[in-house]
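Structure first, then comments.
The values are calculated or read from the model by the stated rules, or taken from the named source; none is laboratory data. Fair warning: this is a prediction, and the values are worked out from it, not measured in the lab. Using ideal geometry, Cβ is built from the backbone for each residue, glycine included, and neighbour counts are taken over all protein chains shown. Protein only, heavy atoms only, side chains kept; ligands, DNA and RNA dropped before computing areas. Shrake-Rupley method; radii C 1.70, N 1.55, O 1.52, S 1.80 Å.
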Amino acid sequence: MSTEKDSKLKVRDTFDYMLSRFKDRSPELTLFSTFNFSASFFETNILPLFGGYSFENLKSSEVLPYSLNNSLKGRKIAVICDRSAHPEPKGNYRYGLLPVGLKNGRFHPKIMLMYGDLISDGKVDKKEKGLWLSVGSCNISFSGWARNREVIGCTRVVDKHRSELEILLRWMLKRAGFYSKSRSAAEEGETSIILNDLLDCLENNCPKDKPDSYPDLFLGLPEHKGGSLLSRMKGKHDYDKAIVVSPYWAGVSCLRRKLGARDTSFVPSIFSGGKHLFNCESKDLLKYKFLKFNFGNNENASEAERFTHAKVLWLEKKNGNYLCVGSANFTEAAMLGKSDSFSNVEMMLRYSVTSKKWSEQFTTLDVDRIATNTDASEGAPPLPPFEAEVLYDWDAKKFKYLIDCDPVFRKKLTLLVGGIEYKDLVRNGSLDFDAKKPIRSFVIKYPYKNTVEKYYGLVIQLGGDESDLGYKKKRRLDEMIDSLLKIDVESVGYDSFSDEIGDSSEEGHRDECKSFNFYVFFQAMYKLRLSQKKKCTAVDYSILNELYVAIDVEPQNELNRINKYVQLLELEETLSFFDGKLDGGDDPFRKRDDLKSELGKLEKEVVELVRGAPSLKGMFGKIGARSQCPKKIINWFKAELCFVQKDTLDVV
């Protein structure tokens, strides 16, 4: 926590230090947890640091989305946030975001957990992998990382931390159960996989030596078998003195009794109007002792006015002191965590210290500077009277949802997602929807007293490829053809299809009236097949997936429907060639069902267009047009097209 002496320290310094503990500043797994989540802040100020940017060049250079996504390949990064706190929808970036919650409480821990190859004394320890953990009060937001007065602790993860971390990770996985049960493919960012991988890492990478050199870790969970968070942090000791720093308060008299210190002081945070808010249930403030941060005789006005979001518990005893830092406010929901009452998930670190310097940085706060407000809270909206989760399955082209509440009340709810309102909802249902880009959020309207409230949730993406999720630009067909025509078929140097083709917008298309050049299209596909034939590496189906998308989004009129039919026939034939080089496993062409369905619909349309063609009627008369002649013409065309392709490629 920053004071006047170290006021330049910020949360990002702890983050930077944690990165420096790993080879190339690149941990293999990274997990963030937060109550409030600002996606825009995370994607602008934190995520780029995993892609090779530094704090310094973030200020002076623009982070390009496609470039950042390319540099994040292979990184496993996930964020877990509270779903009731209106988290911002994530952008089209490579990381996982999972909203979780409780029926009667908040998901409130703020941690960073990293795993990878460790660096010791500036050198990579070739044999040692390990984990680093930070626990603090700071949400992932501009306020949490740059504006507020926050507290954060950081430690190497050792054996005595493992139990609490395992409980938290398993709790998160359980809350992700709806997504795993509904999964036809991995969720975006592979969040559940990251949680499972971290559990495996905890099993084998937590050294047992010198446990007293590391802080103790405490998890606050309503169903925790070890007792309340407060009772485990204080232990069985008697304390001469306690100092509590918290921005939010509730049940103070009860908590003070359970704390049991002879002398307890409270440090409330300054709010608007220059008052320090102490939302105690009692207005008899004289029985409490209040303190504030001391910034010297010539008090620094700007520093004194900073909002203190830190949560600290100082416990002083004769033979040593404890400094507890983390996410828990001094409230019953945070500190007592009873399963039958409003309870949060929290996490705290407890340091054993001999010095009393930390407790000496305060001065007396006059009672007349205190404002009471029994309704003060951390700004979170009220918990809705239901649990709601929505995902989009890109393979099935469906929204899948779970709404858990009384069936009678559920009939009063309206789900808004993808620009459509859905009523008559069931507990566990699905909705057909052909998404062209990620739908990141949903809204549920529900009756509350005499008004209609809105609950805002996040949509989890399942099975989307890089183009679906916006990691890569959806290429225009003419751009892709131009690139394929440049393939040097005389060499084997073709490795992959470039990610940096063209500078046109994602939704740009060719002029609808421009005629299509089939010759160059066939030539481009020929070069693609030939280059793949000469390659000795694995078959690259990503190009075919992208080609399907590029063909699918071309402008649609009668002529272009015929164009599309011919293009997809050619794509299907090229796919057959690729399949001949495939060594089993999962189907790498994700659009196979779409291709088959679209060709079936287009063939019916083309047959009818041929049937109505004046040249056909002139040659065969009306009877011929009504016969199987149009269908036979199309079959002949398909046979000739496939014959020429195979024959030409084999000759080469």
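Here are a few things to note about the model shown:
- Candidates Gly419, Gly337, Gly429 - the one that is open to solvent by less than 50 Å² (accessible area, probe 1.4 Å) and within 22 Å of Val459 (Cβ to Cβ): Gly429
Residues are listed down the side, and each one gets a yes or a no for (1) at pLDDT below 95; (2) in contact with a strand residue (DSSP E or B) (Cβ under 7 Å, 6 or more places away or on another chain):
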site: Phe409; (1), (2): no, no
site: Leu413; (1), (2): no, yes
site: Leu416; (1), (2): no, yes
site: Ile420; (1), (2): no, no
site: Val426; (1), (2): no, no
site: Asp432; (1), (2): no, yes
site: Ala435; (1), (2): yes, yes
site: Ile439; (1), (2): no, yes
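- Restricting the stretch 597-617 to residues that are surrounded by 17 or more Cβ atoms within 10 Å (Cβ to Cβ) and acidic (Asp, Glu) leaves a set whose member that is farthest from Ile562 (Cα to Cα) is Glu598.
- Candidate set: the stretch 385-400, residues that are over 14 Å from Arg440 (Cα atoms) and of a type outside the set (Lys, Arg); chosen: the one farthest from the chain's Cα centre (by Cα): Pro385
- Condition broken by Gly235, with the remaining ones in (1) touching a residue at least 40 places away in the same chain (Cβ under 8 Å); (2) open to solvent by less than 40 Å² (accessible area, probe 1.4 Å); (3) not β-branched (Val, Ile, Thr) satisfied: (1)
- Ile167 aliphatic (A, V, I, L, M), open to solvent by 30 Å² or more (accessible area, probe 1.4 Å) and modelled with pLDDT of 95 or more: yes
- Among the residues of the stretch 260-282, those identified as surrounded by 13 or more Cβ atoms within 10 Å (Cβ to Cβ) and assigned to a strand (DSSP E or B) are Thr264, Ser265, Phe266, Val267, Ser269, Ile270, His276, Leu277.
- Residue in the stretch 204-212 that is open to solvent by 60 Å² or more (accessible area, probe 1.4 Å) and closer than 24 Å to Phe362 by Cα present: no
- Meets criteria (crowded, with 20+ Cβ neighbours inside 10 Å and within 37 Å of the chain's Cα centre (by Cα)) for Leu198: yes
- Among the residues of the stretch 343-370, those identified as surrounded by fewer than 18 Cβ atoms within 10 Å (Cβ to Cβ) and farther than 24 Å from Ile270 by Cα are Tyr351, Ser352, Val353, Thr354, Ser355, Lys356.
- Scan of the stretch 41-79 for residues that are touching a strand residue (DSSP E or B) at 6+ places or on another chain (Cβ under 8 Å), open to solvent by 50 Å² or more (accessible area, probe 1.4 Å) and free of Cβ contacts under 8 Å to residues at least 40 places away in the same chain, ordered by number: none
- Within the stretch 127-154, considering residues that are surrounded by fewer than 20 Cβ atoms within 10 Å (Cβ to Cβ) and of a type in the set (Lys, Arg), the one nearest to Arg83 (Cα to Cα): Arg147
- Residues of the stretch 219-259 that turn out to be in a helix (DSSP H, G or I) and of a type in the set (A, V, I, L, M, F, W, C), as a count: 7
- Exactly one residue among Lys591, Lys638 is over 21 Å from Val553 (Cβ atoms), surrounded by 11 or more Cβ atoms within 10 Å (Cβ to Cβ), at pLDDT 75 or above and charged (D, E, K, R), and that residue is Lys638.
Let's see how each residue does on (1) out of contact with any strand residue (DSSP E or B) (no Cβ under 9 Å at 6 or more places or on another chain); (2) in a helix (DSSP H, G or I); (3) at pLDDT 85 or above; (4) open to solvent by less than 20 Å² (accessible area, probe 1.4 Å):
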| site | (1), (2), (3), (4) |
| --- | --- |
| Phe442 | no, no, yes, yes |
| Tyr446 | no, no, yes, yes |
| Val452 | no, no, yes, no |
| Tyr455 | no, no, yes, yes |
| Ile460 | no, no, yes, yes |
| Glu466 | yes, no, yes, no |
| Leu469 | no, no, yes, yes |
| Lys474 | yes, no, no, no |
| Leu484 | yes, yes, yes, yes |
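- Every pair of residues 6+ apart whose Cβ atoms lie under 6 Å, when the first sits in the stretch 392-414 and is of a type in the set (Ser, Thr, Tyr) while the second is open to solvent by 50 Å² or more (accessible area, probe 1.4 Å): Thr414/Glu421; Thr414/Lys423; Thr414/Lys445
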